[in-house]
Amino acid sequence: MKISVIGLGYLGAVHAAAMAKLGHDVIGLDADATRVSVLSGGQAPFFEPGLPELLDEALSTGRLRFSTDYADVEGATVHFVCVGTPQKCAENAADLRFIDAAFAELLTHLADGDVVVGKSTVPVGTAERLAEEMVATAPGAALVWNPEFLREGLAVQDTLHPDRLVYGLAAGDETSETVLNEVYATPLSEGIPLVVTDYATAQLVKVAANSFLATKISFINAMAELCETTGADVTQLADAIGHDVRIGRKFLNAGLGFGGGCLPKDIRAFMARAGELGADQALAFLREVDSINMRRRVRMVDLARDVCGGSIVGRKVAVLGAAFKPNSDDVRDSPALSVAAQMQLQGAEVVVTDPQAIANAEAKYPDLTYVSSAEEAAADAELVLLLTEWAEYVQLDPRALGKVVAEPRILDGRNVLDPAAWRDAGWTYRALGRP
């Protein structure tokens with residue numbers, strides 16, 4: 001099939017390359033000429049494992065190309081809209097300017113029978129509004145809402161082998177369902193579950209899923225707060241309750257909390273939209289979920305101060321990790337960078353390292369000091385903080401690292417290190433929610 005993908009960020013770039021991998025002819029469109037040029041050269045404009053290889057393969061077949069000109073989408077019959085919906089400045093609500101602008105331009109290039117597929121995460125009611133605009137401008141086209149469920153670091157796998165597909169259709173629109181089934185013929189042939197529903201439900205699926213995950217993470221972090229006051233071990237607590245099949249162990253990892261470009265802004269936008277609909281009480285609990293999450297960052301700074309004898313002023317602190325999660329260079333709402341910046345503001349000499357995110361971190365916090373390796377960051381440090389659980393940090397040799405620091409003190413912000421191994425190597429080991 002001939003497909004266009006509007007918006008070439010994390011979602012769109014991976015989706016465009018994956019659709020070409022599945023055998024479709026794809027034109028990817030973005031207003032950023034530099035990004036289009038980078039992608040056209042087979043390079044990923046951000047770090048995502050497997051994406052460069054996927055781009056190379058797709059471009060070599062001739063089934064994938066990129067452009068900044070909306071006229072190039074003409075001839076495609078399926079148009080995926082993948083533009084961002086960031087949080088509004090000084091508000092919780094989602095900023096829909098980019099998706100509105102993309103739809104306004106796209107509508108002028110649609111032909112009868114075209115199917116527009118919204119993949120962006122939007123407040124419920126957005127699809128219905130956009131469908132009405134399509135009726136006025138492009139009455140022969142149809143709109144489907146097909147939410148994405150990508151995990152940064154696993155985006156290629158999640159696109160080619162999703163754990164479910166969701167179609168939100170207008171009443172009686174069986175044609176669009178048939179078209180999307182053709183687009184996703186390969187994953188559907190693998191037995192991927194398919195949920196066909198209405199616009200409202202399809203829009204709620206992504207934000208409901210993210211809200212549930214955020215709630216589960218904040219729940220175990222709330223338990224960590226209690227563990228710190230009682231002497232209990234939150235990791236063992238999580239193991240014990242995780243054996244309950246109704247609960248499960250996934251996303252019960254206490255620590256510094258969640259960040260990134262999805263969970264924080266999605267739960268806030270969800271609350272804002274519920275308020276607009278007069279259902280704000282239904283999501284009042286998400287305010288506490290958000291609050292617990294942000295408290296972990298403050299608690300990490302407090303713990304650092306405690307380990308350093310009451311003050312971090314003038315102390316050299318090594319921060320291992322800048323990205324909000326491993327296998328990504330994304331620093332949006334990164335807990336690691338937030339802690340690093342707060343410690344610097346409170347007088348510490350902070351040195352940050354990360355395998356992939358240094359350039360993005362430096363653009364956001366240029367006053368911090370950045371180095372390329374954990375050993376370089378830890379040289380003469382009086383405190384080491386592991387804040388992003390990259391495998392290379394989890395696998396550090398405590399005895400080797402102990403030879404370069406000024407004081408062997410480590411705070412495990414992700415509860416991923418072996419406390420016994422680090423203590424046996426002479427380190428003072430502390431972690432959130434552990435004795």
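The values are calculated or read from the model by the stated rules, or taken from the named source; none is laboratory data. In this text the structure is predicted, and so the values were computed from the model without any measurement. Cβ atoms come from the backbone with ideal geometry, glycine included; neighbour counts cover every protein chain shown.
Okay, residues lined up against (1) among the hydrophobic types (A, V, I, L, M, F, W, C); (2) more than 20 Å from the chain's Cα centre (by Cα):
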residue	(1), (2)
47	yes, no
57	no, yes
63	no, yes
70	no, yes
89	yes, no
104	yes, yes
111	yes, yes
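Here is a yes/no grid of residues against (1) in a loop (DSSP other than H, G, I, E, B); (2) of a type in the set (Ser, Thr, Tyr); (3) surrounded by fewer than 18 Cβ atoms within 10 Å (Cβ to Cβ):
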site: 202; (1), (2), (3): no, no, no
site: 217; (1), (2), (3): no, no, no
site: 221; (1), (2), (3): no, no, no
site: 235; (1), (2), (3): no, yes, no
site: 240; (1), (2), (3): no, no, yes
site: 264; (1), (2), (3): no, no, no
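Counting only helices (runs of 4 or more DSSP H) that fall entirely inside region 278-377 and contain at least 2 residues that are among the hydroxyl-bearing types (Ser, Thr, Tyr) and modelled with pLDDT of 95 or more, no element qualifies. Within the span defined as region 217-226, every residue fails to be touching a residue at least 40 places away in the same chain (Cβ under 8 Å), under 30 Å from residue 23 (Cβ atoms) and charged (D, E, K, R). Any residue at all in region 183-194 that is aliphatic (A, V, I, L, M) and surrounded by 17 or more Cβ atoms within 10 Å (Cβ to Cβ)? Within region 183-194 (the criterion being aliphatic (A, V, I, L, M) and surrounded by 17 or more Cβ atoms within 10 Å (Cβ to Cβ)), the answer is yes, since at least one residue qualifies. Exactly one residue out of 351, 331 is within 21 Å of residue 290 (Cβ to Cβ) and touching a helix residue (DSSP H, G or I) at 6+ places or on another chain (Cβ under 6 Å), and it is 331. Taking first residues from region 401-418 that are buried (at least 18 other Cβ atoms within 10 Å of the Cβ) and partners that are of a type in the set (D, E, K, R) and not in a loop (DSSP other than H, G, I, E, B), the Cβ contacts under 6 Å between residues at least 6 apart in sequence or on separate chains come to 411/430.
Selection of first residues in region 298-309 that are in the same structural domain as residue 342 (by TED's automatic domain parsing) and touching a residue at least 12 places away in the same chain (Cβ under 8 Å) and of second residues that are among the hydroxyl-bearing types (Ser, Thr, Tyr) and not in a loop (DSSP other than H, G, I, E, B), restricted to Cβ pairs under 7 Å at least 6 apart or on distinct chains, gives the following pairs, ordered by first then second residue: 307/428. Test residue 294 against the criterion of being within 24 Å of the chain's Cα centre (by Cα) and either surrounded by 21 or more Cβ atoms within 10 Å (Cβ to Cβ) or among the hydroxyl-bearing types (Ser, Thr, Tyr) (or both), and give yes or no. Taking the combined requirement at face value, the residue does not satisfy it.
Looking at 120, 60, just one residue is under 24 Å from residue 172 (Cα atoms), among the small types (Gly, Ala, Ser) and modelled with pLDDT of 95 or more, and that residue is 120. If you go through region 308-332 and keep only what is among the β-branched types (Val, Ile, Thr) and under 23 Å from residue 409 (Cβ atoms), you end up with 312, 313, 317, 319.
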